[in-house]
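K.L.:
Just dropping this structure here.
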Amino acid sequence: MSQIPTYKPEHFINRELSWLEFNTRVLEEAQDASNPLLDRLKFLAIFSSNLDEFFMVRVAGLREQAFGGVVAQDKTPDDMAPIEQLLQISQRTKQLISDQCACWNEDILPSLAKEGIRILQVDELNKKQSKLVSDFFQKRAFPILTPMAIDPSHPSPRFHNRGVYLAASLQRVSGLGPADLSAVVQLPQVLPRFVPVGEPGETTFVLLEDVLASKLPELFGGYKIARHTTFRITRDMDVDLLDEEGDDMLRAIETRLRERQHSEAVRLEVEKGVASNLLAMITGQEKLHQDIPVEGQMYDEIYPVDALLDMTSLWELVRLPGKADLREAPFVARIPLGLHLGEDLFAEIADHDILLHHPFDSFDPVVQFVQQAADDPHVLAIKQTLYRTSGDSPIVRALIQAAENGKHVTALVELKARFDEANNISWSRIMERAGVHVVYGFMDLKTHSKLSMVVRQENNKVRRYVHLSTGNYNPSTAALYTDTGLFTSDKLMADDATALFNFLTGYSQGHKWEKLVVAPQKLHQRTLELIDAQAERAREGKSSRIFAKLNSLVDRRTIEALYRASEAGTQIDLVVRGICSLRPGLPGISENIRVRSIVDRFLEHSRIFVFGEGSKSEVYMTSADWMPRNFERRVEVMFPIEDPQLCKRVIEEIIPAYLRDNSKARELMPDGSYQRAKPKGKEPEYRAQRDLLLNATLGNSSQAGHTNGQLSDKSKKRSKRKPARKSR
């Protein structure tokens, strides 16, 4: 093998700036007039939600490095200093917020009005609407609100993370109190942000903050309102949940969650043109940085907003009843290929592996897998990992039912799933009370792998059935995210799954992994080996190819391995939804690498890898991205797809769709910018998710004879035969 070259910082893209470009692509979907109107609102809300989490976690971490002396766990390959990253993040974010405001003010609001969805100012209301607002304020809002003065006897309250507030300057006209006073009122989250003021059947609203602003004189009797503004604080929510070991992980994490409410502010969003005295009052007790010189430029953490503050509230409008013409058409996911409605799911899995591609393939069989196991008298045990799940989870309910039915049920619940900790704690306690053996994994590792195993007595032997997935056991997100999964009863795969559960629950080690590739033990090493093997084939003049579809590509060693493979002549196609620190198209380094990103109706969440071409192809799927944290600080699983027909489906149906997309795909340029892919010449427009949905719809039509529990003659024959699968 040739000598490994040394790659320079300029050969890598900064991960934080790359993430901002991903969120730019989300914003572009809101700006795209070809998208249905309420879906454009959805993308505006997602853009804001993404930005919130980015500041609460990533920017918070950079601030600790820049101002708190904290040393980063992973040095960025681009070698950009934390303060320089913060400066560029601030500048880029302010531009994106300006673009978002323009989209809302100049495009979305007028478009909503044309569709009969009107958002009025208080001074635009007629008498009847004004009466509705007054009734709403007196009967619903006033009893909840807490007007808070700020003076020496009333210190500034602790502003809640992401809470929206009204701040006001007051001047006394009668009664007691200081002549000049500052005050705040929080917008209660239990009240609608969009207050309805229309007749029945109308969709006319006024913003809650406008209602409260108009009623400030009633909240602060005896005072005249000189000025007011809305604002919102974002806080550091990345409190280290692992910094201290405790005897009870659940209680330790509950304590850390409470600590989050008192963390430092990292961002202030405030109405554009806010008065200086109000701004000073808001920032008085917050440690926000303002006007810090960085390389001749000024860094600050104040973000003026010239539109609706906190557009995550737009979900209220997205979920308006009716309005079907303003949304993407609903769809019915198909029964996964290789499955037949009404048959014994375990018999089908015993007969052949089954590949699932959600949401195009229904998630119902995954739920059925656990539900059937819970009620099946032949099932002895169920083992399950849970990272994120839905609020009313049918899978958790099935695990509880199984335990109540006397089965041995083990659930590995990851309490450290960021922002889902409280939900997971709640489910853990419910399962424990029902008799489920709940395990919380490791203090220093997150369990991010997604697998479920059912142990079943069949005649004189025990057979294990395994489900592995790239996504969470969450029926709600399974309809919104693209993910892949595999049902198998392969003995070696089941042996590995058993060993993994034993590792998670009892630290059991020493197993020789036959098919599963597990992090933190072997995943990084095996990934590099697979890439290097293709590079070696290219050097020998043999055909070589790498395809990888994942959420993020950050790990330096993996990127360098891809660069070496490109230099050797390997053709590499990467579909990276979010962060990509690799620069494609660099002369002599990455000329054979193409990178694209797809942002569309569904969140692209699946991780699919193909190494090699034709009969030499190795197909893998995994819960892990190519990031240091996934390789080193998480329990992850990469699993092979071995059935030739399933490999063919991946290589000939799924992958070409993503590489062919010239509608929603963007292509990464060497400078780190993205350009929207467009049809070339007379090439027709092609949208991957739309085509995959169409195939699913056609699949439903072809399976129409199997609906409503009716089995075809072929299915009736299959249901009678015994499982005959041989171990591979």
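The values are calculated or read from the model by the stated rules, or taken from the named source; none is laboratory data. Quick caveat: nothing in here was measured; it's all calculated off a predicted structure. Here the Cβ is made from the backbone with ideal geometry for all residues, glycine too, and neighbour counts use every protein chain on show. Protein only, heavy atoms only, side chains kept; ligands, DNA and RNA dropped before computing areas. Shrake-Rupley method; radii C 1.70, N 1.55, O 1.52, S 1.80 Å.
K.L.:
With every protein chain kept in place and ligands, DNA and RNA left out, what is the accessible area per residue of the stretch 264-420? Probe 1.4 Å, answer in Å².
P.N.:
Working: 6060 Å² over 157 residues.
Ligands and nucleic acids excluded, the figure is 39 Å² per residue.
K.L.:
Something else about it: May I ask what percent, to the nearest 5, of DSSP beta bridges between residues of the chain are antiparallel?
P.N.:
Numbers: 76 of 110 bridges.
So the antiparallel bridges in the chain amount to around 70 percent.
K.L.:
Still on this structure, I have one more. Averaged per residue, what accessible surface does the stretch 68-177 expose to a 1.4 Å probe, in Å²? Each step should come with its number before you reach the end.
P.N.:
On the way: 6100 Å² over 110 residues.
Result: 55 Å² of accessible area for each residue.
K.L.:
Assign one of three labels to the stretch 258-337, namely rounded, prolate or oblate, based on the Cα gyration tensor with a ≥ b ≥ c the square roots of its eigenvalues; rounded applies when a/c is under 1.5, prolate when it is not and a/b is larger than b/c, and oblate otherwise.
P.N.:
It is prolate, given that a/c is not under 1.5 and a/b is the larger ratio.
K.L.:
Determine the share of the chain's accessible area contributed by carbon and sulfur atoms, expressed in whole percent, with a 1.4 angstrom probe.
P.N.:
On the way: 15310 of 31110 Å².
Accessible surface attributable to carbon and sulfur in the chain totals 49 percent.
K.L.:
Next question. Output the antiparallel fraction of DSSP beta bridges having both residues in the stretch 559-675, as a percent to the nearest 5.
P.N.:
75 percent
K.L.:
Show that you can apply the helix-only estimate: for the chain, add -39,500 (n - 2.57) for every DSSP H stretch of four or more residues, divide by all residues, and state [θ] at 222 nm to the nearest 500. Show your work: numbers first, answer last.
P.N.:
Numbers: 24 runs with 248 residues, N = 728.
So the calculated ellipticity at 222 nm is -10000 deg cm²/dmol.
K.L.:
Okay, next question. Expressed as a rounded percentage, what relative contact order does the stretch 104-248 have, with Cα pairs under 8 Å and six or more residues apart?
P.N.:
Relative contact order comes out at 30 percent.
K.L.:
Follow-up question, since we're still on this one. So what does the Cα-only Debye profile of the stretch 433-575 read at q = 0.12, 0.14, 0.17, 0.20 Å⁻¹, as log10 I(q)/I(0), no solvent term?
P.N.:
Log10 of I(q)/I(0), two decimals: -0.69, -0.89, -1.16, -1.32.
K.L.:
Say each of ALA149 and VAL70 gets a label point 7 Å from the Cα, pointing the same way as Cα to Cβ; how far apart are those two points in nm?
P.N.:
3.9 nm
K.L.:
While we're here: Towards the positive end of the charge dipole of the stretch 512-589, with charges on Cβ (+1 Lys, Arg; -1 Asp, Glu), say which of LEU553, THR570, LEU586 has the farthest Cα.
P.N.:
LEU553
K.L.:
Could you tell me which of rounded, prolate or oblate describes the stretch 548-669, using a ≥ b ≥ c as the square roots of the eigenvalues of the alpha-carbon gyration tensor, with rounded for a/c under 1.5 and, failing that, prolate when a/b is larger than b/c and oblate otherwise?
P.N.:
Numbers: a/c = 1.20, a/b = 1.14, b/c = 1.06.
Rounded, because the longest to shortest axis ratio a/c is under 1.5.
K.L.:
Under 19 Å from the 7 Å Cα→Cβ point of GLU540, by amide nitrogen: which residues of the stretch 609-632?
P.N.:
611-619
K.L.:
What is the packing order of peptides 572-578, 328-334, taking the mean over residues of other C-beta atoms within 10 Å and listing the highest first?
P.N.:
In descending order of packing, they fall as 572-578, 328-334.
K.L.:
Go through [x] 89, 63, 60; [y] 80, 56, 50; [z] 91, 78, 58 and flag the label whose value is the computed Cα extents along the principal axes in Å for this structure.
P.N.:
It is the one labelled [x].
K.L.:
May I ask you to give the solvent-accessible area per residue for the stretch 463-533, in square angstrom, as obtained with a 1.4 angstrom probe?
P.N.:
35 Å²
K.L.:
Report the equivalent ellipsoid semi-axes for the stretch 623-704 in whole Å, largest first, defined as the square roots of five times the eigenvalues of the gyration tensor built from alpha carbon atoms.
P.N.:
27, 25, 11
K.L.:
Taking the Cα-to-Cβ direction at GLU218 and at SER263 and moving 7 Å from each Cα, how far apart do the two end points lie in nm?
P.N.:
3.8 nm
K.L.:
Here is a follow-up. For the pair TRP513/HIS378, report the inter-label distance in nm, with labels modelled 7 Å from Cα in the Cβ direction.
P.N.:
Inter-label distance under the simple model: 3.2 nm.
K.L.:
While we're on this one: If we sort 546-559, 521-534, 121-134, 192-205 on the protection proxy, mean other Cβ atoms within 10 Å, highest first, what's the order?
P.N.:
So the peptides 546-559, 521-534, 121-134, 192-205, ranked by packing, come out 546-559, 521-534, 192-205, 121-134.
K.L.:
Distances longer than 16 Å among the Cα atoms of the stretch 66-127: what percent of all pairs is that?
P.N.:
Looking at the stretch 66-127, the distances longer than 16 Å represent 68 percent of pairs.
K.L.:
Follow-up question, since we're still on this one. Find how many whole Å separate the alpha carbon centroid of the stretch 378-403 from the alpha carbon centroid of the stretch 576-632.
P.N.:
Comparing the Cα centres of the stretch 576-632 and the stretch 378-403, I get a distance of 32 Å.
K.L.:
Length gain on complete extension for the stretch LYS491 to ALA102, per 0.36 nm per residue less the alpha carbon to alpha carbon distance?
P.N.:
Full extension of this stretch gives 134.3 nm more.
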